[in-house]
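Structure record follows, encoded as structure tokens.
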Amino acid sequence: MEIRNKVTFSDKMKSYLRHPGSGLTALLVLLATLATFFVLIFLIAYILIKGIPFIQLDLFSMHYTSENASLMPSLINTLVMTLLSLAIAAPIGIFSAIYLVEYAKKGSRFVGLVRITAETLTGIPSIVYGLFGMLFFVSTLKWGYSILAGAFTLVIMILPVIMRTAEEALKSVPDSYREASFGLGAGKLRTIFKIVLPSAVPGILAGVILAIGRVVGETAALIYTAGTVAQIPSNLMGSGRTLAVHMYALSSEGLHMDQAYATAVILLVMVLLINWISGMIAKRITKG
């Protein structure tokens, strides 16, 4: 006969009374959780209430004017900027993580130096990246204010995030998986791409989602590199603003605050869709 131990609410209260510090810690954790939840709900509700009434067809015109304050050019620029920066940063970051975890000698000074550098770059303010991008990509390389200059600046910003999260995801894969694969005769490369990487996909995608969030919400770095032109550029060497820069420009002018709130709603929906799609991809790869 199976006996299950059930912990009732009264049992928890007696335990907390015997150990006041434990009860105080549990109360602080609960209060922090509730505060975070209510702040999140308040922000989402505030954006939706302020922005939804002003979402109109004029906002989705392909050409921006001072009358319609269209966000469609900025939306397209955001998608192009995100895809371009991820296409460059994601492979480099993931392959770098694979080298650090699977090939590099454990405990080497080089690995430690790379990790410290990545963590340092993660904490640098975005305005510093913007100034570097302006001096190097815009001025030195003569790219001017362009989508390409903005994308390469974002690559430098998100590369440490992708690399560190991918590294932690690969390290979380049990060594028994690798040993079982080697025992069945698989080589190093086949083990990595057939066993280790599929198991680490959820963690890697978490880093990619964080990178996407930083790209979509970035303003300071892009103002100095991609510019603020509210049109769709004819090529990657043209200037264009993203949704975050578009929202900043509208709010700073003070003439189109309603359209700025509507842009915030579209930006919020875009981030939620990206997170949902990434989650679905992770589930399919994991099941496969």
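Considering each of Val196, Val215 in turn, give the residue that is open to solvent by less than 20 Å² (accessible area, probe 1.4 Å) and over 22 Å from the mean Cα position of the chain (by Cα).
Val196
Every residue in the stretch 45-77 that is over 14 Å from Ile266 (Cβ atoms), open to solvent by less than 80 Å² (accessible area, probe 1.4 Å) and under 23 Å from the mean Cα position of the chain (by Cα), please.
Across the stretch 45-77, the qualifying residue is only Ala45.
Quick one: is Lys6 in a helix (DSSP H, G or I), modelled with pLDDT under 85 and of a type in the set (Lys, Arg)?
no
Determine which member of the set Leu170, Leu197, Leu205, Leu210 is modelled with pLDDT of 90 or more and either aromatic (Phe, Trp, Tyr) or within 24 Å of Ile277 (Cβ to Cβ) (or both).
Checking each option against the conditions leaves just Leu170.
Go through the residues of the stretch 241-257 one by one and say whether even a single one is of a type in the set (D, E, K, R), surrounded by fewer than 17 Cβ atoms within 10 Å (Cβ to Cβ) and farther than 19 Å from Gly93 by Cα.
Yes: one or more hits.
Conditions: (1) modelled with pLDDT under 90; (2) loosely packed, with under 12 Cβ neighbours inside 10 Å; (3) in a helix (DSSP H, G or I). Lys106 meets all but one. Number of the miss?
(3)
Against the condition touching a Pro at 6+ places or on another chain (Cβ under 9 Å) and farther than 14 Å from Leu79 by Cα, how does Ile285 come out, does it pass?
So Ile285 fits the description; yes.
Taking the criterion of being among the aromatic types (Phe, Trp, Tyr), at pLDDT below 95, under 18 Å from the mean Cα position of the chain (by Cα) and within 19 Å of Ala244 (Cα to Cα), would at least one residue in the stretch 124-136 satisfy it?
yes
Quickly run through the stretch 218-240 and pick out the residues that are open to solvent by 10 Å² or more (accessible area, probe 1.4 Å), of a type in the set (Gly, Ala, Ser) and part of a helix (DSSP H, G or I).
Ala220, the sole residue that qualifies.
If you take the residues of the stretch 156-172 that are surrounded by fewer than 18 Cβ atoms within 10 Å (Cβ to Cβ) and not polar (S, T, N, Q), which of them is farthest from the chain's Cα centre (by Cα)?
Lys171
Which of the helices (runs of 4 or more DSSP H) contained wholly in the stretch 114-184 include at least 2 residues that are without any contact (Cβ under 8 Å) to a residue 12 or more places away in the chain?
Of the helices (runs of 4 or more DSSP H) lying wholly inside the stretch 114-184, those with at least 2 residues that are without any contact (Cβ under 8 Å) to a residue 12 or more places away in the chain span 175-183.
Being in contact with an Asp or Glu (Cβ under 8 Å, 6 or more places away or on another chain) and of a type in the set (D, E, K, R), is that true of even one residue in the stretch 230-246?
no
Just to be sure I understand the filter: pairs with C-beta atoms under 6 Å, separated by 6 or more residues or on different chains, first member in the stretch 204-225 and within 25 Å of Leu135 (Cα to Cα), second member open to solvent by 40 Å² or more (accessible area, probe 1.4 Å) and among the aromatic types (Phe, Trp, Tyr). Which pairs pass?
Thr219/Tyr248
Between Thr120, Thr153, Thr140, which is within 19 Å of the chain's Cα centre (by Cα), open to solvent by 70 Å² or more (accessible area, probe 1.4 Å) and among the β-branched types (Val, Ile, Thr)?
Checking each option against the conditions leaves just Thr120.
The values are calculated or read from the model by the stated rules, or taken from the named source; none is laboratory data. Predicted, not measured: the structure shown is a model, and the values here were computed from it. Note that we place each Cβ from the backbone using ideal geometry, even for glycine, and neighbour counts take in every protein chain shown. We work out accessible area using only protein heavy atoms, side chains counted, and drop any ligands, DNA or RNA first. Shrake-Rupley method; radii C 1.70, N 1.55, O 1.52, S 1.80 Å.
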